[in-house]
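Colleague: Below you'll find the structure I mean.
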Amino acid sequence: MTGIATARNDRGSTSANAVEVHGIVKHFGDTKALDGVDLTVEEGTVLALLGPNGAGKTTLVRVLSTLIKPDAGTAFVGGYDVLRQPKQLRRTIGLTGQYASVDELLSGYENLYLIGRLLDLSRRDAKARAAELLERFSLTEAAKRIAKTYSGGMRRRLDLAASMIGSPRVLYLDEPTTGLDPRTRNEVWDEVQRMVADGTTVLLTTQYMEEAEQLADELTVIDRGKVIANGGVAELKAKVGGRILQVRAADPAELPRMAGCLREIGIAGATVSADTGLLAVPITGDEQLTAVIGALGTRGFAIAGIDTKVPSLDEVFLAITGKPAADPVPAPSLAKEPVA
């Protein structure tokens with residue numbers, strides 16, 4: 001068979017996939033940061049890698065960027081083996097980390113020109129590429145200013161531009177909009193969508209569900225170093241129930257007992273919000289809705305109101321991981337934890 005989905009190049013990677021990861025394991029001392037991770041990213045698409053802090057997202061990006069070596073498993077990016085062909089692989093990728101990594105003592109133009117030269121572009125080509133990307137990221141007017149005078153949003157755009165100097169086939173965006181205001185975040189989203197339209201494949205890590213829903217073709221949820229769910233947005237919503245039943249308790253203090261009651265009768269996934277006084281239960285149909293209300297009524301719980309709605313991606317994430325999607329983001333520090 002020679003179809004594109006099954007054709008393989010001489011490096012062993014499926015040609016229809018820009019990224020292939022099989023059984024990747026990584027330890028930091030006694031901590032297993034990655035525990036047999038498998039995922040694929042099709043060419044010209046965006047895969048959002050979701051997970052709480054400490055799930056292993058950044059560790060996986062570092063493995064796929066050849067910054068650290070896995071302890072077990074295989075990975076191919078752009079057809080190149082992460083372990084056997086790191087030099088060739090690095091020429092196919094771009095990386096934007098959680099915090100802007102530009103040299104603040106150089107101008108915007110100097111940052112981009114320097115990276116172009118490091119990537120073996122000629123002086124002429126490096127100048128042209130720097131000017132092109134400054135224009136593309138609306139930084140031309142600030143091109144000669146040193147980067148430390150840039151706003152946070154400008155530095156983030158410069159960082160994205162730097163990751164594009166080599167026209168990468170695969171771009172890693174590791175929480176690229178953390179700390180940005182909504183307007184700048186939208187500008188970054190627009191640019192990512194333009195990159196993908198031009199054929200770039202993107203692996204995006206994020207804790208913002210709105211970002212994942214806006215940009216991603218596929219989602220992979222990782223927790224404690226393991227992939228625990230994957231699929232499209234609609235597919236993941238269907239996995240946790242087509243609707244969310246919201247039960248308002250007359251006495252919010254009863255919410256934990258109500259959730260426990262449902263677990264006892266085999267209805268999983270109920271979550272409690274003490275702030276809103278609601279019990280949220282994923283349901284797949286009217287029969288399950290009736291069963292939930294009947295069980296709570298039989299146990300004597302007083303219900304102040306009920307409602308149903310389509311689950312948000314935040315609610316899907318909470319149902320899958322048991323944790324909120326976004327934890328408070330710590331300020332940058334020189335010493336970073338190995339797992340993120």
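Table: residues versus (1) under 19 Å from Thr96 (Cβ atoms); (2) open to solvent by 50 Å² or more (accessible area, probe 1.4 Å); (3) without any contact (Cβ under 8 Å) to a residue 60 or more places away in the chain; (4) of a type in the set (S, T, N, Q).
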residue	(1), (2), (3), (4)
Gly116	yes, no, yes, no
Asp125	no, yes, yes, no
Ala131	no, yes, yes, no
Leu139	yes, no, yes, no
Ala142	yes, no, yes, no
Arg145	no, yes, yes, no
Gly152	yes, no, yes, no
Arg155	yes, yes, yes, no
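Colleague: Can you tell me which residue among Leu105, Leu89, Leu121 is open to solvent by less than 80 Å² (accessible area, probe 1.4 Å), in contact (Cβ under 8 Å) with a residue 12 or more places away in the chain and in contact with a strand residue (DSSP E or B) (Cβ under 7 Å, 6 or more places away or on another chain)?
Modeller: Exactly one of Leu105, Leu89, Leu121 is open to solvent by less than 80 Å² (accessible area, probe 1.4 Å), in contact (Cβ under 8 Å) with a residue 12 or more places away in the chain and in contact with a strand residue (DSSP E or B) (Cβ under 7 Å, 6 or more places away or on another chain), namely Leu89.
Colleague: Of everything in region 13-64, what is in contact with a Lys or Arg (Cβ under 7 Å, 6 or more places away or on another chain), open to solvent by 30 Å² or more (accessible area, probe 1.4 Å) and more than 18 Å from Asn230 (Cα to Cα)? Give them in sequence order.
Modeller: The answer is Ser15, and nothing else.
Colleague: Among the residues of region 66-99, how many are modelled with pLDDT of 95 or more and under 30 Å from Ser151 (Cβ atoms)?
Modeller: Selection size over region 66-99: 0.
Colleague: Can you report the number of residues in region 167-200 which are part of a loop (DSSP other than H, G, I, E, B) and open to solvent by 40 Å² or more (accessible area, probe 1.4 Å)?
Modeller: The qualifying residues number 6.
Colleague: Further question on the same structure: Could you list all residues from region 127-166 that are more than 27 Å from the chain's Cα centre (by Cα) and outside any helix (DSSP H, G or I)?
Modeller: Selection gives Ala143, Lys144, Arg145, Ile146.
Colleague: Filter region 266-318 down to the residues that are open to solvent by less than 80 Å² (accessible area, probe 1.4 Å), farther than 19 Å from Glu254 by Cβ and among the aliphatic types (A, V, I, L, M), then identify the one that is nearest to the chain's Cα centre (by Cα).
Modeller: Leu313
Colleague: In the set Ile228, Ile222, which member is of a type in the set (Val, Ile, Thr), open to solvent by less than 70 Å² (accessible area, probe 1.4 Å) and either assigned to a strand (DSSP E or B) or at pLDDT below 90 (or both)?
Modeller: Only one candidate passes the filter, namely Ile222.
The values are calculated or read from the model by the stated rules, or taken from the named source; none is laboratory data. These figures come from a predicted structure and were not determined experimentally. Here Cβ is always computed from backbone atoms with ideal geometry, including for glycine, and neighbour counts include all displayed protein chains. Protein only, heavy atoms only, side chains kept; ligands, DNA and RNA dropped before computing areas. Shrake-Rupley method; radii C 1.70, N 1.55, O 1.52, S 1.80 Å.
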